[in-house]
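Participant: Here it is, the structure in full.
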Amino acid sequence: MGLDHLLTRRDVLGATAGALAAACTYGLRAEEKSVSKRSALEQPRIALLGAGWRPDIKRNGRGIAIGLQAVKFAEMGVVCDVDSIARDYACQKICNGKSLLVEDYRDVLSRDDIDAVLIATPDHWHAKMSIEAMLAGKDVYCEKPATVTINEGRLMADAVNKTGRILQVGTQQRTESDHRFATAIALVQEGRIGKLQRIEIGVDPGNIGGPFTTSPPPPQLNWNLWQGPAAEHEYITERTHWTFRWWYEYAGGKLTDWGAHHVDIAQWAIGQLDSGPSRVRGQGVFHVPYENGYPTRTDTFNTPSTFDVQCQFPDDITMVINSGENGILFEGTEGRFFVNRGKLTGLPVERLKKDPLPKDYLERIYDGPPPASHMSNFFDCIKTRKQPVSDMASHQRTITTCHLANLTLRLGRELQWNPETETFINDSEADQFISRKARPGFEIQM
Ligand SMILES: NC(=O)C1=CN([C@@H]2O[C@H](COP(=O)(O)OP(=O)(O)OC[C@H]3O[C@@H](n4cnc5c(N)ncnc54)[C@H](OP(=O)(O)O)[C@@H]3O)[C@@H](O)[C@H]2O)C=CC1
Ligand SMILES: O=C1CO[C@H](CO)[C@@H](O)[C@@H]1O
């Protein structure tokens, strides 16, 4: 059967040759695709940007996980990935092959039959794709960390304000894990550990690896499009797939990978979702020498493996982020407790049996009924146009703390930060790291 039997006339006219060449043979039938026959509110049509699939270890990427969550609320119209094996596999896994397959996300954003996008590419693409999607009128579920620089966060928050689109960040600890993190926030905010003094965030060590060898990119991968706004490099397998996390070009190592979750919860607990630390210092172990904040080799992972960073917040609260047991320890004048995805422990938690939190504590935390899940909250907000639980304005603040933690390690010295102006204090060298130049042709256009 030819593609012309499967695609509407508008698809044929609107899609680029690349997108059409990539359309899978299952395609979408004309009557299924007609925008006039469906309501975007009743059943939004969505696209997944970045599927993720590691054939070598048979590991699904995050894109497949959130794609499967999202198809409970919406129809998957397009699966987009720069790796044809990953997009074929994800399309089969998420919707039995019933979606269009596209290599270039721009061919998704130009479609007017897509209402929202899920972004699960490596981190260096998140800001550009999200902003362009919002400007194209789409709502966005963007995986964490949403940014690789401080400035990208400001641009994303500005784009949300400018376009009025919904942007949910994939920091699902805000809603899930049996509300364990929300309960931890309530324990702090209800004064169950007295005055909070110290928060210790433990994150597992980052990966060490290299030197790696360069090679031609595999035939199924568009390496130019994979790199996008990041600095151009020869292909190294370990730069791609899951291990992009350990290169500053594409991510921020463990400090942003897990900081995006735990620092986020900690700042919520101390009421600092609209501000940040004033001082950041610490030590980290890098397996590549650094000069002026940049790695001196291009063939090894370059983010720190272990670290110990102290961030100073108002009210004499110190947040420590180190390589320790994964989770958050809250310490106050009258007790301490620990929370992670699997447990909430400590004397203040034991005491809840006799002296529970107020019945409506979750409603107070969420300013309304607790969301059933992070993904359901996204689709609810598409309908209500209310801000989602993980809104961009607050994520921008919490991920900035993670970027500051990385920068103090990269520069090897203490940094003073002004959270009001969002600039460093008398530190033009550090200011240079607030944003970075995109590869020509891949700049963010607002
Ligand atoms: N909230 C959570 O709990 C979790 C969130 N995440 C987040 O999800 C994101 C993806 O992580 P993960 O799934 O582990 O990573 P993967 O590398 O497994 O998946 C990313 C996919 O995106 C592809 N890709 C790269 N560039 C583009 C592009 N321009 N357009 C379309 N596709 C592209 C990659 O290709 P290739 O295979 O060639 O690299 C890969 O298939 C990260 O930001 C991560 O932090 C991840 C896990 C859990
Ligand atoms: O929640 C998560 C589980 O672990 C992954 C790998 O470190 C993270 O990327 C992710 O955010």
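Participant: Just the residues that are surrounded by fewer than 19 Cβ atoms within 10 Å (Cβ to Cβ) and free of Cβ contacts under 8 Å to residues at least 40 places away in the same chain, please, taken from region 235-257.
Facilitator: Hits for region 235-257 are Tyr235, Thr237.
Participant: Continuing with this model, one more query. Please enumerate the residues belonging to region 310-329 that are in a loop (DSSP other than H, G, I, E, B) and either of a type outside the set (D, E, K, R) or crowded, with 16+ Cβ neighbours inside 10 Å (or both).
Facilitator: Listed by number, the residues that qualify are Pro314, Ser323, Gly324, Asn326.
Participant: Checking Asp115 against (1) within 14 Å of ligand 1 (Cβ to nearest atom); (2) touching a strand residue (DSSP E or B) at 6+ places or on another chain (Cβ under 9 Å); (3) touching a residue at least 60 places away in the same chain (Cβ under 8 Å): exactly one of these is not met. Which one?
Facilitator: Condition not satisfied by Asp115: (1).
Matching residues to (1) in a loop (DSSP other than H, G, I, E, B); (2) more than 16 Å from ligand 2 (Cβ to nearest atom):
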site	(1), (2)
His124	no, no
Glu132	no, yes
Gly137	yes, yes
Gly153	no, yes
Asp158	no, yes
Gln168	no, no
Gln173	no, no
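Participant: Let me ask something else. Wholly within region 342-443, which helices (runs of 4 or more DSSP H) include no fewer than the required count, namely at least 2 residues that are free of Cβ contacts under 8 Å to residues at least 60 places away in the same chain?
Facilitator: 347-350, 374-384, 428-431
Participant: Here's a follow-up. Is there any pair with a first residue in region 218-231 that is assigned by TED's automatic domain parsing to the domain that holds Trp247 and on the phi > 0 side of the Ramachandran plot and a second that is part of a loop (DSSP other than H, G, I, E, B) and more than 8 Å from ligand 1 (Cβ to nearest atom) whose Cβ atoms are under 6 Å apart and which are 6 or more apart or on different chains, and what are they?
Facilitator: If the second residue must be part of a loop (DSSP other than H, G, I, E, B) and more than 8 Å from ligand 1 (Cβ to nearest atom), the pairs left are Gly228/Phe442.
Participant: Hey, Ile201 hits all of (1) outside any helix (DSSP H, G or I); (2) over 20 Å from the mean Cα position of the chain (by Cα) but one; which does it fall short on?
Facilitator: (2)
Participant: Run down Phe286, Phe301, Phe307 and say which single residue is crowded, with 19+ Cβ neighbours inside 10 Å and under 30 Å from Thr333 (Cβ atoms).
Facilitator: Phe307
Participant: Moving on. Can you say whether Ile208 is over 30 Å from Leu344 (Cα atoms) and among the β-branched types (Val, Ile, Thr), as far as the supplied structure shows?
Facilitator: Taking the combined requirement at face value, the residue satisfies it.
The values are calculated or read from the model by the stated rules, or taken from the named source; none is laboratory data. Small disclaimer: the values here were computed from a predicted structure and weren't measured. For neighbour counting, all protein chains shown are included, and Cβ atoms are generated from backbone atoms with ideal geometry for every residue, glycine included.
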